[in-house]
Amino acid sequence: MLGLKLPTDPRWVNIAEKNIDEILIDHAHCELKAASTANSLIMSFPEYSELVSEMVPLVKEEMTHFKLVHERLLKRGVKLGKDRKDLYVNNLVKFFPKGGSRTTQLVHRLLYAALIEARSCERFRLLSEHIQDKDLAKFYRDLMVSEANHYVLFLNFARQFGERKEVDQKWNDLLNYEADLMKNLGTSETIHG
């Protein structure tokens with residue numbers, strides 16, 4: 001369903017479980033960035049009323065997810081700490097050239113967001129199926145469903161606002177690029193790395 005061309009290296013789950021506090025810290029920051037992305041889409045493209053209407057509840061949902069992850073950190077006696085660079089996202093957003101029409105810029109941002117949500121969904125599924133902590137496994141199972149919905153939302157908007165055939169080609173090209181990125185990731189205690 002997610003269309004990912006290269007699955008996560010299975011070793012990542014072992015790394016994640018051994019470093020679950022680091023995963024939770026990184027996850028919390030990912031939720032903040034997701035809320036920021038939705039907010040940025042509202043601010044950058046206010047003329048797309050349907051997009052704005054969908055991004056408002058998404059900002060709230062992502063902040064609720066942040067709160068849930070932060071509460072888990074506090075229960076574990078772990079402080080949030082500073083954000084770390086997300087090598088995955090930093091490299092991913094280099095794919096499309098800068099510039100172009102506003103619609104092109106919007107479509108590219110939506111495709112990036114869709115792919116980040118798809119990879120997060122896949123990672124949450126792995127955590128839900130393989131970590132020993134049953135409570136965290138359920139937590140990630142529930143969040144996996146939300147990530148899948150966000151992936152579909154962003155991809156559908158890209159297809160709605162752009163020319164469908166062109167958007168689908170860009171999506172496929174981005175998926176191939178992301179698969180190449182993933183060959184060098186999956187060995188760190190981060191959600192995407």
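The values are calculated or read from the model by the stated rules, or taken from the named source; none is laboratory data. What you are looking at is a predicted structure, and each value in this text was computed from that prediction instead of being measured. Neighbour counts run over all protein chains shown; Cβ positions are idealised from the backbone, glycine included.
Checking each residue in segment 149-162 for being part of a helix (DSSP H, G or I) and crowded, with 20+ Cβ neighbours inside 10 Å picks out 150, 151, 154, 155, 157, 158.
How about segment 133-148: which of its residues are of a type in the set (Lys, Arg) and either in contact with a Ser or Thr (Cβ under 6 Å, 6 or more places away or on another chain) or surrounded by 19 or more Cβ atoms within 10 Å (Cβ to Cβ) (or both)? 141, the sole residue that qualifies. If you go through segment 125-160 and keep only what is in contact with an Asp or Glu (Cβ under 6 Å, 6 or more places away or on another chain) and closer than 18 Å to residue 4 by Cα, you end up with 147, 150, 151.
All conditions in (1) under 18 Å from the mean Cα position of the chain (by Cα); (2) surrounded by fewer than 20 Cβ atoms within 10 Å (Cβ to Cβ) hold for residue 114, with the sole exception of (2).
Of the residues making up segment 21-49, those that are among the charged types (D, E, K, R) and in contact (Cβ under 8 Å) with a residue 60 or more places away in the chain are 22, 26. As a summary of the residue check, residue 52 satisfies the conditions (1) surrounded by fewer than 16 Cβ atoms within 10 Å (Cβ to Cβ); (2) touching a residue at least 24 places away in the same chain (Cβ under 8 Å); (3) aliphatic (A, V, I, L, M) except for the one numbered (2). Please indicate, with yes or no, whether at least one residue in segment 170-183 is surrounded by fewer than 16 Cβ atoms within 10 Å (Cβ to Cβ), among the polar types (S, T, N, Q) and farther than 14 Å from residue 5 by Cα. No, there is no match, as no residue in segment 170-183 is surrounded by fewer than 16 Cβ atoms within 10 Å (Cβ to Cβ), among the polar types (S, T, N, Q) and farther than 14 Å from residue 5 by Cα. The set of residues from segment 34-48 being closer than 14 Å to residue 59 by Cβ, buried (at least 16 other Cβ atoms within 10 Å of the Cβ) and not hydrophobic (A, V, I, L, M, F, W, C) comprises 37, 39. Remark: pairs (first residue in segment 116-136, farther than 13 Å from residue 27 by Cα and among the charged types (D, E, K, R); second residue at pLDDT below 95 and crowded, with 23+ Cβ neighbours inside 10 Å; Cβ separation under 8 Å; 6+ apart in sequence or on different chains) are absent. Of all residues in segment 59-94, those being within 13 Å of residue 31 (Cα to Cα), in contact with a His (Cβ under 7 Å, 6 or more places away or on another chain) and touching a residue at least 60 places away in the same chain (Cβ under 8 Å) number 1.
Exactly one residue out of 165, 138 is closer than 20 Å to residue 17 by Cα, part of a helix (DSSP H, G or I) and either over 18 Å from the mean Cα position of the chain (by Cα) or not polar (S, T, N, Q) (or both): that is 138. Is at least one residue of segment 154-163 more than 24 Å from residue 40 (Cβ to Cβ) and touching a helix residue (DSSP H, G or I) at 6+ places or on another chain (Cβ under 9 Å)? No, that holds for no residue.
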